[in-house]
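Scroll down for the structure; my scribbles are underneath it.
The values are calculated or read from the model by the stated rules, or taken from the named source; none is laboratory data. The structure presented is a predicted model; accordingly, all values stated were derived computationally and were not measured. Reconstructed Cβ throughout: ideal geometry from the backbone, glycine too, with neighbour counts over all protein chains shown.
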Amino acid sequence: MSKEAVDRQAIARNLTVNVVGVIVANALLAVSAKIEVPFWPVPMTLEVLAVLGLAGLLGARIAGGAVLLWLAEGAVGLPVFAGLGAGVGYFAGPTGGYLIGFFFAAVLVGLAADRGLRERPILLFLSMLAGVGVMYAMGVTWLAQLVGWSRAFHVGMLPFIPADVTKAALASALVFGADRLIRRV
């Protein structure tokens, strides 16, 4: 087989692995959105854990692609977000900024993982906290336009900090453990 044919096969195999990774990660993200504790105006879900874990494990391209696909699915009306809402109008509601923040957090954490932080759990955890900070910055900024800054801070961030720090710690531990396991195989 020629080098050119081998290169084409490798590219096709890599593309297939990436597409499957995006689809599987997207499905996990959609499921994580349905596991929620009702809060108002922003529900507490496992989306943060999923975004951080998938980004840490799969990297920026695949995790970012999965989140973009998930956002597009929700925008066209598929029931992939928390609760029953979907469609473009859902982005105008109280969770719109958080949804967009998930993409930027996935890319940020994924880039850190791509640069080797999967092997350094403390630094991976810190990158995940930075990802949570991005989610909060975008989410609270958007929510503040609807309910005011003080209320957005008090209902859209403060109650979530302990759970999100725990999710970041759990995600970093899972990613570190999975990376070590994969390296042994």
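Worth pointing out:
- Number of the exception - Val109 against (1) among the β-branched types (Val, Ile, Thr); (2) crowded, with 24+ Cβ neighbours inside 10 Å; (3) over 19 Å from Leu170 (Cα atoms): (3)
- Residue under evaluation Ala171, criteria (1) in contact with a Lys or Arg (Cβ under 9 Å, 6 or more places away or on another chain); (2) under 15 Å from Phe102 (Cα atoms), criterion not met: (1)
- The stretch 141-178: number of residues that are assigned to a helix (DSSP H, G or I) and surrounded by fewer than 20 Cβ atoms within 10 Å (Cβ to Cβ): 24
- Phe102 being under 21 Å from Leu174 (Cα atoms), buried (at least 21 other Cβ atoms within 10 Å of the Cβ) and either without any contact (Cβ under 8 Å) to a residue 60 or more places away in the chain or within 18 Å of the chain's Cα centre (by Cα) (or both): yes
- Test: residue in the stretch 112-135 that is among the basic types (Lys, Arg), at pLDDT 95 or above and part of a helix (DSSP H, G or I): no
- Test: Val37 is free of Cβ contacts under 8 Å to residues at least 40 places away in the same chain and β-branched (Val, Ile, Thr): yes
- Taking (1) loosely packed, with under 15 Cβ neighbours inside 10 Å; (2) in a helix (DSSP H, G or I) in turn, Gly97 satisfies each apart from (1).
- Among (1) part of a helix (DSSP H, G or I); (2) free of Cβ contacts under 8 Å to residues at least 40 places away in the same chain - the single one Leu84 does not satisfy: (1)
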